[in-house]
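J.: Please read through the structure below; I'll follow up with questions.
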(Lines give C-alpha, C1' and ligand atoms only; values in the text may rest on other atoms or scores of the structure.)
Protein backbone atom coordinates (compact mmCIF):
# COMPACT_ATOMS: atom_id res chain seq x y z
CA UNK A 1 0.00 0.00 0.00
CA UNK A 2 1.42 3.34 -1.00
CA UNK A 3 0.97 6.64 0.81
CA UNK A 4 -2.04 8.67 -0.23
CA UNK A 5 -4.09 11.54 1.06
CA UNK A 6 -7.83 11.11 1.30
CA UNK A 7 -10.38 13.86 1.15
CA UNK A 8 -13.69 13.50 2.99
CA UNK A 9 -15.53 12.28 -0.10
CA UNK A 10 -12.91 9.55 -0.66
CA UNK A 11 -13.32 8.35 2.91
CA UNK A 12 -17.13 8.42 2.82
CA UNK A 13 -17.15 6.34 -0.36
CA UNK A 14 -14.66 3.88 1.13
CA UNK A 15 -16.93 3.52 4.17
CA UNK A 16 -19.81 2.48 1.91
CA UNK A 17 -17.59 0.07 -0.01
CA UNK A 18 -16.24 -1.54 3.19
CA UNK A 19 -19.79 -1.87 4.50
CA UNK A 20 -21.18 -3.55 1.36
CA UNK A 21 -18.18 -5.17 -0.36
CA UNK A 22 -18.12 -6.72 -2.77
CA UNK A 23 -20.76 -4.40 -4.22
CA UNK A 24 -22.00 -4.04 -7.80
CA UNK A 25 -21.23 -0.53 -9.07
CA UNK A 26 -24.90 0.06 -9.96
CA UNK A 27 -25.93 -0.72 -6.39
CA UNK A 28 -23.15 1.56 -5.12
CA UNK A 29 -24.54 4.39 -7.26
CA UNK A 30 -27.91 3.93 -5.54
CA UNK A 31 -26.30 3.81 -2.09
CA UNK A 32 -24.34 6.99 -2.81
CA UNK A 33 -27.46 8.74 -4.02
CA UNK A 34 -29.43 7.72 -0.93
CA UNK A 35 -26.75 8.29 1.71
CA UNK A 36 -24.53 10.99 0.23
CA UNK A 37 -26.85 12.75 -2.21
CA UNK A 38 -24.48 12.08 -5.10
CA UNK A 39 -25.42 11.84 -8.76
CA UNK A 40 -24.37 8.83 -10.83
CA UNK A 41 -21.60 10.83 -12.51
CA UNK A 42 -20.20 11.94 -9.14
CA UNK A 43 -20.08 8.37 -7.89
CA UNK A 44 -18.25 7.12 -10.98
CA UNK A 45 -15.80 10.03 -10.85
CA UNK A 46 -15.01 9.19 -7.22
CA UNK A 47 -14.72 5.47 -8.01
CA UNK A 48 -12.17 6.25 -10.71
CA UNK A 49 -10.16 8.39 -8.27
CA UNK A 50 -10.04 5.59 -5.71
CA UNK A 51 -9.08 3.09 -8.43
CA UNK A 52 -6.29 5.42 -9.60
CA UNK A 53 -5.01 5.64 -6.02
CA UNK A 54 -4.97 1.84 -5.82
CA UNK A 55 -7.48 1.73 -2.97
CA UNK A 56 -10.30 -0.12 -4.72
CA UNK A 57 -10.85 -2.34 -7.70
CA UNK A 58 -13.79 -2.05 -10.11
CA UNK A 59 -13.74 -5.14 -12.29
CA UNK A 60 -16.75 -6.36 -14.26
CA UNK A 61 -18.84 -3.71 -12.45
CA UNK A 62 -18.00 -5.26 -9.06
CA UNK A 63 -16.31 -2.93 -6.57
CA UNK A 64 -13.99 -4.36 -3.91
CA UNK A 65 -11.59 -2.64 -1.51
CA UNK A 66 -7.86 -3.26 -1.88
CA UNK A 67 -7.10 -1.77 1.54
CA UNK A 68 -8.71 -2.42 4.90
CA UNK A 69 -10.41 0.13 7.10
CA UNK A 70 -7.64 -0.42 9.68
CA UNK A 71 -4.90 0.35 7.14
CA UNK A 72 -6.58 3.58 6.09
CA UNK A 73 -7.34 4.68 9.63
CA UNK A 74 -3.76 4.01 10.67
CA UNK A 75 -2.35 6.04 7.78
CA UNK A 76 -4.84 8.89 8.24
CA UNK A 77 -4.08 9.02 11.99
CA UNK A 78 -0.32 9.05 11.40
CA UNK A 79 -0.67 11.78 8.78
CA UNK A 80 -2.79 13.91 11.11
CA UNK A 81 -0.41 13.57 14.08
CA UNK A 82 2.62 14.26 11.86
CA UNK A 83 1.07 17.30 10.16
CA UNK A 84 -0.65 18.84 13.17
CA UNK A 85 1.65 17.92 16.07
CA UNK A 86 5.00 17.42 14.29
CA UNK A 87 4.72 13.71 15.07
CA UNK A 88 4.29 14.16 18.82
CA UNK A 89 1.84 11.61 20.14
CA UNK A 90 1.91 13.14 23.66
CA UNK A 91 1.14 16.52 22.06
CA UNK A 92 -1.83 15.00 20.26
CA UNK A 93 -3.15 13.31 23.41
CA UNK A 94 -2.81 16.51 25.43
CA UNK A 95 -4.69 18.50 22.79
CA UNK A 96 -7.33 15.78 22.42
CA UNK A 97 -8.00 15.68 26.14
CA UNK A 98 -8.13 19.47 26.30
CA UNK A 99 -8.93 19.64 30.00
CA UNK A 100 -11.26 16.61 29.96
CA UNK A 101 -10.92 14.04 32.68
CA UNK A 102 -10.62 10.32 32.12
CA UNK A 103 -12.49 7.67 34.04
CA UNK A 104 -10.38 5.11 35.87
CA UNK A 105 -11.36 2.54 33.22
CA UNK A 106 -10.30 4.81 30.33
CA UNK A 107 -6.99 5.58 32.03
CA UNK A 108 -6.32 1.86 32.55
CA UNK A 109 -7.16 1.12 28.89
CA UNK A 110 -4.73 3.83 27.75
CA UNK A 111 -2.02 2.53 30.07
CA UNK A 112 -2.51 -0.99 28.68
CA UNK A 113 -2.22 0.34 25.11
CA UNK A 114 0.97 2.21 25.94
CA UNK A 115 2.47 -0.88 27.60
CA UNK A 116 1.47 -2.98 24.59
CA UNK A 117 3.23 -0.63 22.15
CA UNK A 118 6.22 0.29 24.28
CA UNK A 119 9.41 -0.23 22.29
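J.: Can you list the helices (runs of 4 or more DSSP H) lying wholly within the stretch 1-81 that have 3 or more residues being under 30 Å from residue 92 (Cα atoms), touching a strand residue (DSSP E or B) at 6+ places or on another chain (Cβ under 9 Å) and modelled with pLDDT of 95 or more?
T.: Values: elements: 8-20, 25-36, 40-52.
Of the helices (runs of 4 or more DSSP H) lying wholly inside the stretch 1-81, those with at least 3 residues that are under 30 Å from residue 92 (Cα atoms), touching a strand residue (DSSP E or B) at 6+ places or on another chain (Cβ under 9 Å) and modelled with pLDDT of 95 or more span 8-20.
J.: Hey, among 102, 55, which residue is assigned by TED's automatic domain parsing to the domain that holds residue 18 and touching a helix residue (DSSP H, G or I) at 6+ places or on another chain (Cβ under 8 Å)? Working first, answer last.
T.: Details: 102 fails: assigned by TED's automatic domain parsing to the domain that holds residue 18.
Going through 102, 55 in turn, just one is assigned by TED's automatic domain parsing to the domain that holds residue 18 and touching a helix residue (DSSP H, G or I) at 6+ places or on another chain (Cβ under 8 Å): 55.
J.: Okay, next question. Quick check on the stretch 82-94: of everything there that is part of a helix (DSSP H, G or I) and within 21 Å of the chain's Cα centre (by Cα), which residue is farthest from residue 6 (Cα to Cα)? Let's see the steps before the verdict.
T.: Here is the first cut: in the stretch 82-94, the residues part of a helix (DSSP H, G or I) are 82-85, 89-94.
Retained after the next criterion (residues that are within 21 Å of the chain's Cα centre (by Cα)): 82-85, 89, 92-93.
Numbers: 82: 15, 83: 14, 84: 16, 85: 19, 89: 21, 92: 20, 93: 23 Å.
By that ranking, first place goes to 93.
J.: Moving to a separate point now. With the requirement that a residue be free of Cβ contacts under 8 Å to residues at least 12 places away in the same chain and loosely packed, with under 12 Cβ neighbours inside 10 Å, what does the stretch 1-37 give you?
T.: Those that are free of Cβ contacts under 8 Å to residues at least 12 places away in the same chain and loosely packed, with under 12 Cβ neighbours inside 10 Å: 7, 8, 19, 34, 37.
J.: Kindly indicate whether residue 99 is at positive phi, surrounded by fewer than 11 Cβ atoms within 10 Å (Cβ to Cβ), out of contact with any strand residue (DSSP E or B) (no Cβ under 9 Å at 6 or more places or on another chain) and assigned to a loop (DSSP other than H, G, I, E, B).
T.: Details: at positive phi: yes; surrounded by fewer than 11 Cβ atoms within 10 Å (Cβ to Cβ): yes; out of contact with any strand residue (DSSP E or B) (no Cβ under 9 Å at 6 or more places or on another chain): yes; assigned to a loop (DSSP other than H, G, I, E, B): yes.
For residue 99, the condition - at positive phi, surrounded by fewer than 11 Cβ atoms within 10 Å (Cβ to Cβ), out of contact with any strand residue (DSSP E or B) (no Cβ under 9 Å at 6 or more places or on another chain) and assigned to a loop (DSSP other than H, G, I, E, B) - is met.
J.: Then there is this: List pairs: first residue in the stretch 38-53 and over 20 Å from residue 4 (Cα atoms), second residue part of a loop (DSSP other than H, G, I, E, B) and at pLDDT 95 or above anywhere in the structure, Cβ distance under 7 angstrom, at least six positions apart or on different chains.
T.: Qualifying pairs under 7 Å: none.
The values are calculated or read from the model by the stated rules, or taken from the named source; none is laboratory data. Computed from a prediction, not measured in an experiment: that's the story for all the values here. When we count neighbours, we look across all protein chains shown, and the Cβ atoms used for this are built from the backbone with ideal geometry, even at glycine.
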